[in-house]
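Chemist: Structure incoming, see below.
The values are calculated or read from the model by the stated rules, or taken from the named source; none is laboratory data. In this text, all values refer to a predicted model and were calculated from it rather than measured experimentally. Note: areas computed on protein heavy atoms with side chains; ligands, DNA, RNA excluded. Shrake-Rupley method; radii C 1.70, N 1.55, O 1.52, S 1.80 Å.
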Amino acid sequence: LDPREQDFLLLVARYAGQALERLRLLEAERALRAQSEAGAARLALLSRASSAFAIASPHLDALFGALAEQVTGSFADGCCIVVRTGPARQRLELAAVSHRDQQAEESYRQTLATQPFELGRGLLGRVAETGEPLLLSEVDQAMVARAASASTVRWLERHPPAHVVRGGGDGLV
């Protein structure tokens, strides 16, 4: 190659290198922007939740209600909180229910009020008994129907879950 061709090819190589570097920087900027927006969204969520919890904190039932509403408002279609009570913590009691659809929430509340929870029975009872959390990212409707009570199955037919997350731990389900 003559010197002019060499100079031209070096110039093209420099411009190509600069373009690639600019593209890399643009992708890095977009990734950082996405992280900061996600962080801001988490902070906003935590702010709303902590405000709701602070208002409800003097009353445990209001606190459970606020917790269920925050979960429903931010993460899920519905949320149910059950607490282990009684002698040897063998009884399960409904602490709070929340659902994005008011009709579904009322139906769920009525079903849960008329159907006593039993430790070890159904998905909720099993989580309460073992204390182990449960995550079903895809719900097998037949499996849920086998694990649930008859009235719960009727409710689930009207409001089928796509995912199920059950917490575990000391006393709360």
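Chemist: State in Å² the accessible area per residue of the range 9-144; use a 1.4 Å probe, count heavy atoms of protein chains only, and round to the nearest integer.
Modeler: Per-residue accessible area for the range 9-144 comes out at 67 Å².
Chemist: Applying the Karplus parametrisation 6.51 cos²θ - 1.76 cosθ + 1.60 with θ = phi - 60° to the phi angles of the range 67-79, what ³J(HN,Hα) value in whole Hz is obtained for each residue in order, glycine and proline being reported as x?
Modeler: Along the range 67-79, the couplings run 4, 4, 5, 5, 5, 5, x, 10, 10, 9, 6, x, 8 Hz.
Chemist: Tell me, what % of the accessible area of the range 33-141 is carbon and sulfur with a 1.4 angstrom probe?
Modeler: About 54 percent, which is the carbon plus sulfur part of the accessible surface.
Chemist: Something else: Amide H to amide H, which residues 5 or more places from residue 95 or on other chains are under 5 Å from it, using H placed in the peptide plane?
Modeler: For residue 95, whose amide H was placed from the backbone, the distant partners under 5 Å are 81, 82, 83.
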